[in-house]
Amino acid sequence: MATSASACLSKVVKQRYMELPQGDKVQAMYIWIDGTGEGLRCKTRTLDSEPKSIEDLPEWNFDGSSTSQSEGSNSDMYLIPAAMFRDPFRRDPNKLVLCEVMKYNHKPTETNLRLACNKVMDMVKDQHPWFGMEQEYTILGTDGHPFGWPSNGFPGPQGPYYCGVGADKAYGRDVVEAHYKACLYAGVDICGTNAEVMPAQWEFQVGPTEGIKMGDHLWVARFILHRVCEDFGVVASFDPKPIQGNWNGAGCHTNFSTKEMREEGGLKAIEESIERLGKRHHYHIRAYDPKGGLDNARRLTGRHETSSIHEFSAGVANRGASIRIPRSVGQEKKGYFEDRRPSANCDPYAVTEALIRTCLLAEEGEEPTEY
């Protein structure tokens, strides 16, 4: 079928109920990352009053055997609230609650990468690491076909779609605009959006955000995008190469800086970090998609504005390099650099943690250091 069943339900009828008063009660939607490392799950509970901080939110649980996170014989998993946002779908005073997932013994699940990332961020907080992540995604119909593409063919070749305007160039802008406003309402540090090179492909940017907040805000922005798409009856795909052939893939370019890099003469610190990254290329490739580099291998071919997955490269204003130094940074001798290797479906906790370990903790080798 061309549209999902939910798209056929009347949103007008639903709105009558959404406007009903709810007294002093608050709906808190708990969100977590499932066993795939890229899928999101959610469920809602009622609170007696509006929570003012994370400490006001109770722990909860769920059936991990249904999310590829445990066996049925010992399936209870714990949801530990980690970050709270306003709910743009149910509106104030209701909340979105991003959670960490713990096993029955209160050890983190394999896809709970936030715990380790937060520990590393605390080790370097005096250096004030800033991140900005550029999340590319593709809008699909529920049949898996790119939104707006001819049903039995392809649109015209790439060229007019990047930052394009017009019904024949921008496919799905309603989704983008709704998502942008919903993120602003929620309190996500979204800083921009644009149409991408492949038609039906878009990008939003989150940041600059310091430390662990980068992962928190990007995951919640992704959740909000999935929910917005659900309302429109379409699907958001973070697959790094959704369409084979002469079409651009989807990445999550990550901009990184420290206090030292942002100050006068910071280019020296940037160059030192890039030198360290060059010696640890394969470690980062493994960290930059949830399948240890297999997803990125489809995207990082050396074509379509990517570097080769097998080689490390860096350059000023070079979008075909692993690491790009913006031209303005080369001129001003300070600022930030862009790692273009992370895939669209990366875990931002894994990406930001890897950058800290290599660039600031000066780790070497193929495995992370235990602290």
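Coordinate-derived values only; no laboratory data. The model shown is predicted, which means the values in this text are computed figures rather than measured ones. For neighbour counting, all protein chains shown are included, and Cβ atoms are generated from backbone atoms with ideal geometry for every residue, glycine included.
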Could you tell me which of rounded, prolate or oblate describes the range 289-362, using a ≥ b ≥ c as the square roots of the eigenvalues of the alpha-carbon gyration tensor, with rounded for a/c under 1.5 and, failing that, prolate when a/b is larger than b/c and oblate otherwise? oblate
Per residue of the range 302-312, in order, report the coupling 6.51 cos²θ - 1.76 cosθ + 1.60 (Karplus, θ = phi - 60°) as ³J(HN,Hα) in whole Hz, putting x for Gly and Pro. x, 10, 6, 6, 10, 8, 7, 5, 8, 10, 9
Counting only residues 5 or more places away or on other chains, whose amide H sits under 5 Å from the amide H of residue 191 once H atoms are built in the peptide plane? 205, 206, 207
I need the trypsin sites (Lys or Arg not before Pro) found in the range 263-371, filtered to DSSP loop residues with at most 16 other beta carbons within 10 Å of theirs. 279, 291, 298, 303, 319, 333
For q values of 0.27, 0.34 Å⁻¹, compute log₁₀ I(q)/I(0) with the Debye formula on a Cα-only model of the range 113-156, without solvent. -1.01, -1.14
Taking all pairs of different Cα atoms in the range 84-166, averaging 1/r and flipping that mean, what Kirkwood radius in angstroms comes out? 18.3
For the chain, what is the calculated [θ] at 222 nm in deg cm²/dmol (nearest 500), taking -39500 (n - 2.57) for each run of four or more DSSP H residues and dividing by its residue count? -7000 deg cm²/dmol
I want to verify a result. In a Gaussian network model of the chain, Cα cutoff 10 Å, which of these has the top mean-square fluctuation: 153, 64, 335? 153
Restricting the range 20-53 to trypsin sites (Lys or Arg not before Pro) in coil, as DSSP defines it, with at most 15 other Cβ within 10 Å: 25, 52
If Lys and Arg each add +1 and Asp and Glu each add -1, what is the summed charge of the other residues whose beta carbon sits under 10 Å from the beta carbon of residue 290? -3
Test of understanding: in a Gaussian network model of the chain with alpha carbons linked when under 10 Å, which of 248, 74, 152 would top the mean-square fluctuation ranking? 152
HN-Hα J in Hz across the range 74-84 - Karplus 6.51, -1.76, 1.60, θ = phi - 60°, x for Gly and Pro: 8, 9, 5, 10, 9, 9, 10, x, 10, 8, 10
Cα gyration tensor of the range 201-297, axes a ≥ b ≥ c as square roots of the eigenvalues: rounded (a/c below 1.5), prolate (a/b > b/c) or oblate? oblate
With the contact rule set at Cα under 8 Å and sequence spacing of 6 or more, what percent relative contact order holds for the range 31-74? 34
Over the range 225-371, what is the mean sequence separation of C-alpha contacts under 8 Å (at least six apart), divided by residue count, expressed as relative contact order in percent? 30
Counting only DSSP beta bridges fully inside the chain, the antiparallel percentage to nearest 5 is 90
Could you work out how far the C-alpha centroid of the range 37-111 sits from that of the range 194-251, in angstrom? 22
Taking 56 Å as R0, compute the FRET efficiency from the Cβ-Cβ separation of residue 163 and residue 18 and round it to 0.05. 0.95
Within-11-Å neighbourhood charge of residue 147 [Cβ basis; K, R +1; D, E -1]: -1
Distance histogram for the range 153-208 (every C-alpha pair counted, 5 angstrom bins, percent rounded to whole numbers): 4, 20, 27, 19, 14, 9, 4, 1, 0
Label residue 45 and residue 311 with points 7 Å out from Cα along Cα→Cβ: what is the distance between them in nm? 5.4
Taking a ≥ b ≥ c as the square roots of the eigenvalues of the Cα gyration tensor, with a/c under 1.5 meaning rounded and otherwise prolate when a/b exceeds b/c and oblate if not, the chain is oblate
HN-Hα J couplings of the range 230-238 from phi, Karplus 6.51/-1.76/1.60, θ = phi - 60°, integer Hz, Gly and Pro as x? 4, 5, 8, x, 10, 10, 9, 10, 9
What does the charge add up to near residue 346, with Lys and Arg as +1, Asp and Glu as -1, over the other residues with Cβ less than 13 Å from its Cβ? -3
In the Gaussian network model of the chain, springs joining C-alpha atoms below 10 Å, which of 68, 307, 151 carries the largest mean-square fluctuation? 151
Let me have the relative contact order for the chain, percent, based on Cα pairs under 8 Å that are six or more residues apart. 16
Per 0.36 nm of contour for each residue apart, how much would the distance between residue 181 and residue 110 grow if the chain were fully extended, relative to their Cα-Cα spacing? 22.3 nm
